[in-house]
Amino acid sequence: MSKVTFNNRNSVFTDALRAAANEYFASRNMKKTGNFQLHLKTVLILAGAVGLYLTLMLGQFPVWFSLILCYLFGMNLAFIGFNIMHDANHGSYSTKAWVNELFGLTMNALGSNAFIWRQKHNIIHHTYTNVDGIDDDIANLPFVRSCYSQPWNPMHRYQHLYMVPLYGLATILWVFYTDFTKYFNRKIHNTALQAMPLKEHLIFWFSKVMYLTFYVGLPIYVHGFLPWMVGFLVMHAGLGITMMTVFQLAHVVEEAEFDHVELDETKKIETEWAIHQIRTTCDFAVHNKVLTWFLGGLNFQVVHHLFPRVSHVHYPALQKIVEQTCKQFGVQYHKFPTFGAALRSHFRMMYQLGRG
């Protein structure tokens with residue numbers, strides 16, 4: 001395996017940033033975890049998912065309307081991932097570990113696995129953000145070239161055209177392929193998967209069976225194979241395109257930086273870890289409250305990467321602290337004014353990478 005370290009010996013920027021954030025919470029006697037605002041959002045989003053599922057299962061509608069409902073159901077599942085699963089698996093949903101563990105299992109309800117996600121996302125992606133060779137989030141070859149250090153092939157000329165349909169298939173691959181590849185190979189990209197306790201093995205298989213029961217077996221029994229298959233693909237298009245687009249806008253854009261490490265190479269990045277996070281991550285549409293509500297604050301990705309164990313309900317306040325501290329230390333902070341601006345940058349980036 002590769003080994004990457006950061007130059008944290010003179011971490012004055014990191015210390016100043018943490019001190020300012022800690023002072024913010026201490027002066028307001030405020031916990032860093034979720035609050036009533038998050039708990040109410042949880043009820044609304046989960047109720048929406050259950051309502052859409054039952055409506056699709058029990059209702060009889062014109063085909064066009066059913067497909068709209070399937071796509072909205074997929075988007076609603078993405079909102080569960082953004083708002084509930086993400087905070088819970090970072091330990092920021094609640095001060096109680098069992099509550100975080102319980103709501104972290106919403107990842108399994110989306111078809112994937114919370115244990116594998118925590119290592120892939122919390123440990124690997126958050127530590128080695130945009131480091132090609134380690135970060136699994138940018139390891140999308142051979143179909144998508146995500147940074148310039150990755151090998152090019154002629155297919156990539158068209159990646160800016162086919163990437164959105166491919167995003168729509170991403171979560172289907174989670175369910176039926178990538179989870180099992182990581183599980184049986186005991187590896188996430190080039191990093192060994194931590195040993196899974198017996199409980200996690202049981203959860204892995206039980207949740208896969210439950211997923212097949214509620215998302216495959218019952219719908220086929222009620223509506224038949226062909227209607228299920230079309231609806232299932234449309235639902236995952238809503239889920240996959242929504243989730244993948246939001247995550248890509250934070251890291252695979254023109255303003256974000258990348259690094260690279262060869263297999264078995266030992267490398268030292270000559271910046272503090274916090275500065276590496278800022279260089280490789282971008283915020284977008286931070287003043288759009290509606291978008292922030294639905295995306296679980298993931299338009300504040302810089303803030304999230306710097307404070308991964310703080311709930312997203314606090315990100316708007318912390319964003320001001322981050323931006324101010326960056327100005328104080330002369331660190332360039334990347335921020336797109338709108339969702340559209342970030343999306344255009346992502347498409348331009350994918351187009352340029354496709355040129356070879």
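The values are calculated or read from the model by the stated rules, or taken from the named source; none is laboratory data. Because the structure is a prediction, the values reported are computed rather than measured. When we count neighbours, we look across all protein chains shown, and the Cβ atoms used for this are built from the backbone with ideal geometry, even at glycine. Accessible surface areas use protein heavy atoms only, side chains included; no ligands, DNA or RNA. Shrake-Rupley method; radii C 1.70, N 1.55, O 1.52, S 1.80 Å.
For this structure, a couple of remarks:
- Some residue of the range 140-148 being open to solvent by 30 Å² or more (accessible area, probe 1.4 Å), over 20 Å from GLU257 (Cβ atoms) and in a helix (DSSP H, G or I): no
- Of all residues making up the range 242-261, the number that are open to solvent by 40 Å² or more (accessible area, probe 1.4 Å) and among the aliphatic types (A, V, I, L, M): 0
- Number of residues in the range 277-308 that are in a helix (DSSP H, G or I), touching a helix residue (DSSP H, G or I) at 6+ places or on another chain (Cβ under 8 Å) and surrounded by 19 or more Cβ atoms within 10 Å (Cβ to Cβ) equals 12.
- Of residues in the range 86-128 being of a type in the set (A, V, I, L, M, F, W, C) and without any contact (Cβ under 8 Å) to a residue 12 or more places away in the chain, the one surrounded by the most Cβ atoms within 10 Å (Cβ to Cβ): VAL99
- For the range 53-76, the criterion of a residue being in a helix (DSSP H, G or I), open to solvent by less than 10 Å² (accessible area, probe 1.4 Å) and within 20 Å of ASN299 (Cβ to Cβ) is satisfied by at least one position.
- Test: residue in the range 22-43 that is part of a loop (DSSP other than H, G, I, E, B), of a type in the set (S, T, N, Q) and open to solvent by less than 80 Å² (accessible area, probe 1.4 Å): yes
- Residue check for ILE123: closer than 19 Å to TYR177 by Cβ and outside any loop (DSSP other than H, G, I, E, B): no
- Some residue of the range 65-73 being closer than 25 Å to PRO227 by Cα and touching a Ser or Thr at 6+ places or on another chain (Cβ under 7 Å): yes
- Flag for LEU318 being of a type outside the set (Phe, Trp, Tyr), over 25 Å from LEU239 (Cβ atoms), in contact (Cβ under 8 Å) with a residue 60 or more places away in the chain and crowded, with 23+ Cβ neighbours inside 10 Å: yes
- Evaluating THR129 against the criteria (1) assigned to a loop (DSSP other than H, G, I, E, B); (2) more than 13 Å from the chain's Cα centre (by Cα) leaves one unmet condition, (2).
- Per the listing LEU169, LEU173, the residue uniquely under 18 Å from the mean Cα position of the chain (by Cα), open to solvent by 70 Å² or more (accessible area, probe 1.4 Å), touching a residue at least 24 places away in the same chain (Cβ under 8 Å) and on the phi < 0 side of the Ramachandran plot is LEU169.
- PHE204 loosely packed, with under 15 Cβ neighbours inside 10 Å and part of a helix (DSSP H, G or I): no
- Some residue of the range 183-195 being part of a helix (DSSP H, G or I), open to solvent by less than 50 Å² (accessible area, probe 1.4 Å) and under 20 Å from ASN108 (Cα atoms): yes
- Among residues of the range 209-228, those that are of a type in the set (Val, Ile, Thr) and loosely packed, with under 13 Cβ neighbours inside 10 Å, counted: 3
- Every listed requirement among (1) surrounded by 21 or more Cβ atoms within 10 Å (Cβ to Cβ); (2) out of contact with any His (no Cβ under 7 Å at 6 or more places or on another chain); (3) of a type in the set (Gly, Ala, Ser) is met by GLY48 save one, (1).
- Annotation: of all residues in the range 149-166 being polar (S, T, N, Q) and either in contact with a Phe, Trp or Tyr (Cβ under 7 Å, 6 or more places away or on another chain) or outside any loop (DSSP other than H, G, I, E, B) (or both), the one that is surrounded by the most Cβ atoms within 10 Å (Cβ to Cβ) is GLN159.
- Flag for LEU239 being within 18 Å of the chain's Cα centre (by Cα) and not charged (D, E, K, R): yes
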